[in-house]
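Since the structure comes first, as structure tokens, the remarks are kept for the end.
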Amino acid sequence: VQLQASGGGLVQAGGSLRLSCEASGSIFSLLNLAWYRQAPGKQRDWVASVTTGGYTNYRDSVKGRFTISRDDAQNTMWMQMNSLRPEDTGVYYCSASGQIGSYWGQGSLVTVSS
């Protein structure tokens, strides 16, 4: 499985971005999906996840602002990010995991200016 993240960019505080993560392969629907982010000089942190059954979960700091979703027919996951804050700045990585293993995409840089 190969994951390709896109959609990052520079945005002012209060703005919105939509990240996408496209996957290759035929097992996408069998994988739990997640977004992580890594701020400059910090460790990579979990941001949000969506299970194979569509159950979603979010870190507290993004609840109500970020929405994760998936479309298994398109082998794609998204994360809509609204009301962005400077502390949301970082490289965002998509991840997929299941019984067969774990996979990471390349990062997509999100920069939120104050």
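Taking segment 30-69 as the range and being touching a helix residue (DSSP H, G or I) at 6+ places or on another chain (Cβ under 8 Å) and either surrounded by 19 or more Cβ atoms within 10 Å (Cβ to Cβ) or assigned to a loop (DSSP other than H, G, I, E, B) (or both) as the test, the residues that pass are R37, A39, V47, A48, T52, V62. Just to be sure I understand, how many residues within segment 62-91 are over 14 Å from E22 (Cβ atoms) and hydroxyl-bearing (S, T, Y)? Residues flagged as over 14 Å from E22 (Cβ atoms) and hydroxyl-bearing (S, T, Y) within segment 62-91 amount to 3.
One residue stands out in segment 102-114 among those that are in a strand (DSSP E or B) and either touching a residue at least 60 places away in the same chain (Cβ under 8 Å) or closer than 16 Å to Q38 by Cα (or both): the one that is most open to solvent (accessible area, probe 1.4 Å), namely W104. Residues that are more than 24 Å from P40 (Cβ to Cβ), of a type outside the set (D, E), open to solvent by less than 20 Å² (accessible area, probe 1.4 Å) and touching a residue at least 24 places away in the same chain (Cβ under 8 Å) do occur in segment 70-92.
When G14 is tested against (1) closer than 11 Å to A96 by Cα; (2) exposed (fewer than 13 other Cβ atoms within 10 Å of the Cβ); (3) at pLDDT 95 or above, exactly one condition is not met: (1).
The set of residues in segment 17-29 being basic (K, R) and open to solvent by less than 50 Å² (accessible area, probe 1.4 Å) is empty. Checking each residue in segment 63-114 for being under 22 Å from G15 (Cα atoms), over 11 Å from the mean Cα position of the chain (by Cα) and of a type in the set (G, A, S) picks out G64, S83, G90, S113, S114.
So that you can scan it fast, the table gives a plain yes or no per residue for (1) more than 19 Å from V110 (Cα to Cα); (2) not hydrophobic (A, V, I, L, M, F, W, C):
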site	(1), (2)
G25	yes, yes
A34	no, no
P40	no, yes
R44	no, yes
G64	no, yes
M77	no, no
N82	no, yes
R85	no, yes
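Screening S6 on (1) under 12 Å from the mean Cα position of the chain (by Cα); (2) touching a residue at least 60 places away in the same chain (Cβ under 8 Å); (3) crowded, with 16+ Cβ neighbours inside 10 Å shows it passes everything except condition (3).
The values are calculated or read from the model by the stated rules, or taken from the named source; none is laboratory data. Since the model is a prediction, treat every value here as computed from it, not as a measurement. Please note: Cβ atoms are built from the backbone with ideal geometry, for glycine as well, and neighbour counts cover all protein chains shown. Note: areas computed on protein heavy atoms with side chains; ligands, DNA, RNA excluded. Shrake-Rupley method; radii C 1.70, N 1.55, O 1.52, S 1.80 Å.
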